[in-house]
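Quick notes on the structure that follows.
The values are calculated or read from the model by the stated rules, or taken from the named source; none is laboratory data. Everything quoted here is computed from the prediction, not taken from an experiment. Please note: Cβ atoms are built from the backbone with ideal geometry, for glycine as well, and neighbour counts cover all protein chains shown.
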Amino acid sequence: MNDAIKRALAPHALEVKDVKHYQLEKILQQAKDADPVPTAVVHPVDFNSLDGALEAAEASIIVPFFVGPEAKIRQVAKENNLDLKDYPIINTEHSHEAAEKAVEMAKCGEVHALMKGKLGTSELLGAVISKTGGLRTDRRLSHVFVMDVPSYHKTLFITDAAISIAPNLMEKRDILQNAIDCAHALGVELPKAAILSAVEKVKPNIQSTLDAAALCKMLDRGQITGALVDGPLAFDNAISREAAEDKGINSPVPGDVDILMAPDLESANMFAKQLQYLANAKAAGIVMGARVPIILTSRAAKSLERLSSCAVAVMVARKMGRLE
């Protein structure tokens, strides 16, 4: 569709180039006000991962430790005119060894965050959750999208769109608590969380509504802490106070929600990417639940999203006591 047709059909539509992402910019500034976090960049043997780490270092958000085959890392830098400066390179033979070495560095406190390079997410997280040398806690790992949606008035935390395929109730408890902890790290003192389903009433034949009701009661019993939680809520009920009132829902969450928790990976992933591609949203990506934050961005992520993901990791590391 050309620009003339767009203007005729939607004369008031916001041009993509005019969209500002103030929420992510605010997070970037918060991170720059803190000390840069020593970060193991795992197997950065392609342009995107190497350039993203160097860009974050240039912005004083992270201090990179490049972990991977040194010859390949230097070759990528040379081919793309990237200056590695004097940042340390920890030489490994392959990506699997790089993941194990990065986890070892985090475990001994040499680095306080991990950043995914050109290796599979499962390969990196496999090293993180290893029973022998990993970074496991009593919490399940989960992914949080920290999203700046220009049409919404504050940051949205969407989970879990990358790790937990079909979580059960207790796994959902961890996923929700991880998102709450992420929100706290970014300065949201009492986040409002919506447990999403297709309907707002508890239905015995829709498991996600039963789980939502149980999670709300778990909050009452102290099994989940630090948030206001409501559910089940359909997306419109969560995001629009008017839609909630039309359904007779009396809750402080609708219309002012911070955290949107989807029932499974497929719905969370599609929902987050629809916001990115149809609503001009930008997203930082982070894995919570390990002993250090893990920066996880898409290969299609642009500069702001890569930098913001690093910035979120800095704030989470600081909240965890990893930085003064």
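Computed values, structure above
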quantity: Residues within the stretch 239-255 that are within 16 Å of Ile180 (Cβ to Cβ) and buried (at least 16 other Cβ atoms within 10 Å of the Cβ), tallied; calculated: 1
quantity: Breaking point among (1) at pLDDT 95 or above; (2) assigned by TED's automatic domain parsing to the domain that holds Ala53, for Ala268; calculated: (2)
quantity: Of all residues in the stretch 12-24 being at pLDDT 75 or above and surrounded by fewer than 15 Cβ atoms within 10 Å (Cβ to Cβ), the one that is farthest from the chain's Cα centre (by Cα); calculated: Lys20
quantity: Residue count, the stretch 31-47 (criterion: buried (at least 17 other Cβ atoms within 10 Å of the Cβ) and part of a helix (DSSP H, G or I)); calculated: 1
quantity: Residue pairs meeting the criteria (Cβ under 8 Å; at least 6 apart or on separate chains; first more than 24 Å from Ile129 (Cβ to Cβ), in the stretch 271-293; second of a type in the set (Lys, Arg) and part of a loop (DSSP other than H, G, I, E, B)); calculated: Lys282/Lys302
quantity: The one condition in (1) assigned by TED's automatic domain parsing to the domain that holds Gln276; (2) of a type in the set (Lys, Arg); (3) farther than 18 Å from Leu275 by Cα that Lys154 fails to fulfil; calculated: (3)
quantity: Failed criterion for Thr297 (all others in (1) within 20 Å of Ala59 (Cβ to Cβ); (2) polar (S, T, N, Q); (3) outside any loop (DSSP other than H, G, I, E, B) hold); calculated: (3)
quantity: Pick from the stretch 48-61, criterion part of a helix (DSSP H, G or I) and touching a helix residue (DSSP H, G or I) at 6+ places or on another chain (Cβ under 7 Å), ranking: nearest to Lys302 (Cα to Cα); calculated: Gly52
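Yes or no, residue by residue, for (1) in a loop (DSSP other than H, G, I, E, B); (2) closer than 23 Å to Asp35 by Cβ; (3) free of Cβ contacts under 8 Å to residues at least 60 places away in the same chain; (4) among the basic types (Lys, Arg):
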residue	(1), (2), (3), (4)
Tyr87	yes, yes, yes, no
Ile90	no, yes, yes, no
Ala98	no, no, yes, no
Met105	no, yes, no, no
Gly109	yes, yes, yes, no
Leu114	no, yes, no, no
Leu119	yes, no, no, no
Leu124	no, no, no, no
Arg136	yes, no, no, yes
